[in-house]
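Working notes for the structure below.
The values are calculated or read from the model by the stated rules, or taken from the named source; none is laboratory data. Just so it is clear, the model here is predicted, and its values are computed rather than measured. Note: areas computed on protein heavy atoms with side chains; ligands, DNA, RNA excluded. Shrake-Rupley method; radii C 1.70, N 1.55, O 1.52, S 1.80 Å.
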Amino acid sequence: DGDLKFSFESVKKLKELMDENRHINPRMVVSMASYSPCDEKDLPEEFQSVCKREDASMIFERLNLAVREADLCEICANAACAGCF
């Protein structure tokens, strides 16, 4: 994401965390606007610097979208994936 680089495995873990939050009973979940992966205890360490940024929620959403189709990403069809040079 811009000048930031993250391992593919960490971004997949981020996607899992964000998806888990979206599948909770809607009456019990906090709105997605106030949700932050930074509150997750299982958030990979390499994202801690992102949590300190004002644009963290946008960065996390873009990373989540980058791995939406993980199978395509694994074969380098998605230009946003790290390591597909």
Task: Probe 1.4 Å, all protein chains present, accessible-area order of ASP55, ASP42, largest first - done: ASP42, ASP55
- [ ] Give the accessible area for ARG68 in Å² (nearest 10); use a 1.4 Å probe, count only protein heavy atoms, and leave out ligands, DNA and RNA.
- [x] 100
